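**Student:** Mind looking over this structure? Questions follow.
The values are calculated or read from the model by the stated rules, or taken from the named source; none is laboratory data. Bear in mind the structure is a predicted one, so any value in this text is a computation, not a measurement. Don't worry about glycine lacking a Cβ; one is built from the backbone with ideal geometry, like all the others, and counts go over all protein chains shown.
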Amino acid sequence: MSYLLLPWILEQEGSAFKQVHQHWRPTTLILVRQARILIKDMRRRLDYMEKGKDELQMLPRADRYGKYLHRMRISYRDANFQWKADQLSFLNSVDKFYQDYGAVLRLLKFDQAMGRFLDKPKGA
């Protein structure tokens with residue numbers, strides 16, 4: 001049997017396949033502008049969470065909020081580092097960031113439903 005298609009596939013992806021690590025690292029999955037928009041959006045959301053860090057620490061689930069915030073920082077840093085060199089890793093980091101951000105929002109909604117964000121009387 002003659003292999004025609006498989007060698008051709010490898011030839012097409014040859015520049016994206018790093019021989020040293022035997023790891024496929026595509027760089028043309030998303031546009032540079034899209035990557036920059038995602039990184040900017042992640043930075044904006046992370047900045048808001050960082051500003052609200054003191055308020056998050058006052059909530060009963062402060063340890064979970066802290067864990068999610070820490071993981072969001074790591075995911076943002078990884079995405080910012082990888083967006084040009086390995087777009088699969090970049091997309092994985094973006095995915096992790098938004099999953100953790102969504103988890104924080106879900107917990108905040110639970111806290112809001114429990115009335116934790118209502119202003120308390122000054123005498124109480």
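**Student:** For the stretch 1-47, how many residues are within 27 Å of the chain's Cα centre (by Cα) and at pLDDT 70 or above?
**Tutor:** Here the count works out to 25.
**Student:** State which residue is modelled with the lowest pLDDT when the search covers only the stretch 84-104 and only residues that are surrounded by 16 or more Cβ atoms within 10 Å (Cβ to Cβ) and of a type in the set (Gly, Ala, Ser).
**Tutor:** Going through the qualifying residues, I end up with Ser89.
**Student:** Tally time: how many residues in the stretch 55-71 are closer than 15 Å to Ala103 by Cα and in a helix (DSSP H, G or I)?
**Tutor:** So the answer is 11.
**Student:** Which of the residues that make up the stretch 24-39 are outside any loop (DSSP other than H, G, I, E, B), without any contact (Cβ under 8 Å) to a residue 60 or more places away in the chain and farther than 21 Å from His70 by Cβ?
**Tutor:** Hits for the stretch 24-39 are Val32, Arg33, Gln34, Ala35, Arg36, Ile37.
**Student:** Look at the stretch 62-79 and say how many of its residues are of a type outside the set (D, E, K, R), within 14 Å of Leu46 (Cα to Cα) and either surrounded by fewer than 16 Cβ atoms within 10 Å (Cβ to Cβ) or free of Cβ contacts under 8 Å to residues at least 24 places away in the same chain (or both).
**Tutor:** Qualifying residue count for the region: 3.
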